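Visitor: Here it is, the structure, as structure tokens.
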Amino acid sequence: MTTPQFPTNRPRRLRHHPLIRELVRETTLSTTDFILPLFVRPGRGAKKEIPSMPGNYQLSVDRLTEEVGSAITLGLRSFILFGIPERKDATGSSALEDNGIVQQALRALRETFKDQIVLITDECFCEYTDHGHCGVLSKQTGRLDLDNDATLPLLAKQCVSHAKAGADLVAPSGMLDGMVKAIRAGLDEAGFTHLPILSYAAKYASAFYGPFRDAAESPPQFGDRGSYQMDPANGDEALREVELDLAEGADIIMVKPALAYLDIIRRVKDRFGVPVAAYNVSGEFAMVKAAAQKGWIDERRIALEILTSIKRAGADMILTYFARDAATWLR
Ligand code: PBG
């Protein structure tokens, strides 16, 4: 195809009328694209703001229910839950309890909101272990490190426990090899063949998670997550990770973080054509909030531009701490 040259071709013809601009717009953001992350903690009446994530809170179950109720009135319907347990130990055993903090939250939200909402659970142990790594540790590799195969059955148990408590979708985030396969088998065996898996398939070892680790009280107590999360320098490897997770039965693929990895979102979408989620993570949110508080940027325009760019890159859904603000702005 040869494009006619100027002056026959004037791309500005489609830009000068605001309504024509809207007609030719390729990407639209919708409130139903957003998944709001929520942090649940023990107690009653607790609503503790997370300093580096303005407008986000650690909530006790009762306050969480209020928060979800108000989010629903904004048009939001999908939520991902993170738990801050009462007790941590070496294996993260409190993650598996019937009456664990996320299990309690699931039951309360399901009871109150029935089928009006989609409840997603982050499946990982870093919030529940005293060492802050994403599963159990061993010295199999010569140094103390996350033990992949010993963690898999625990992960499957965690997912089944969340499914029983009312989760609609489980989202393993530990970047363990074989995690999707182990979870699929565990769910199927427990009768949850219908429950989809949203795999954090391409999750990078990123400094952008800093504020989240304060929020979830989950920073590693030694070392870092470099032995399980991906090197930010790699792109082809993300495609291999995604291919493996799809072969193991993942229903939705996540790329995380989003903003510094838009190329990965696009490559995954182009190559596999499966539903893609992108996680607009805590550090991406905090940077915008901080600059906005200083009056250096226009928060609303910047946030909507970022979210639009993530969709334009190929994401079908976005996990974002801007969900409430964006829902309000998009009204
Ligand atoms: C748990 C988990 C993390 C995030 C989501 N799930 C932290 C981590 O991997 O250290 C980060 C989310 C964010 O920064 O908003 N494994």
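Visitor: Quick one: how many residues across region 266-304 are away from the ligand (no atom under 16 Å from the Cβ) and closer than 30 Å to residue 247 by Cβ?
Guide: The qualifying residues number 11.
Visitor: From the residues in region 95-105 that are out of contact with any strand residue (DSSP E or B) (no Cβ under 6 Å at 6 or more places or on another chain) and open to solvent by less than 10 Å² (accessible area, probe 1.4 Å), which one is nearest to residue 38 (Cα to Cα)?
Guide: The residue in question is 103.
Visitor: For region 229-331, give me every one of the strands (runs of 3 or more DSSP E) that falls completely inside it and has 1 or more residues that are of a type in the set (S, T, N, Q), open to solvent by less than 30 Å² (accessible area, probe 1.4 Å) and at pLDDT 95 or above.
Guide: Output list reads 276-280, 317-320.
Residues checked against (1) surrounded by 10 or more Cβ atoms within 10 Å (Cβ to Cβ); (2) more than 30 Å from the chain's Cα centre (by Cα); (3) of a type in the set (Phe, Trp, Tyr); (4) closer than 26 Å to residue 109 by Cα:
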position: 17; (1), (2), (3), (4): yes, yes, no, no
position: 23; (1), (2), (3), (4): no, yes, no, no
position: 32; (1), (2), (3), (4): yes, no, no, yes
position: 49; (1), (2), (3), (4): yes, no, no, yes
position: 61; (1), (2), (3), (4): yes, no, no, yes
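Visitor: I need the full set of residues from region 106-124 which are in a loop (DSSP other than H, G, I, E, B) and either open to solvent by 20 Å² or more (accessible area, probe 1.4 Å) or over 17 Å from residue 226 (Cβ atoms) (or both), in order please.
Guide: 117
Visitor: Considering (1) in a loop (DSSP other than H, G, I, E, B); (2) closer than 23 Å to residue 78 by Cα; (3) within 10 Å of the ligand (Cβ to nearest atom); (4) out of contact with any Gly (no Cβ under 6 Å at 6 or more places or on another chain), say which one residue 133 fails and leave the rest.
Guide: (2)
Visitor: In region 36-54, is there at least one residue being assigned to a strand (DSSP E or B), modelled with pLDDT of 95 or more and over 29 Å from residue 311 (Cα atoms)?
Guide: yes
The values are calculated or read from the model by the stated rules, or taken from the named source; none is laboratory data. Keep in mind the model is a prediction, meaning the values are calculated, not measured. Using ideal geometry, Cβ is built from the backbone for each residue, glycine included, and neighbour counts are taken over all protein chains shown. When the accessible area is computed, the model is the full protein with side chains, heavy atoms only, and any ligands, DNA or RNA have been set aside. Shrake-Rupley method; radii C 1.70, N 1.55, O 1.52, S 1.80 Å.
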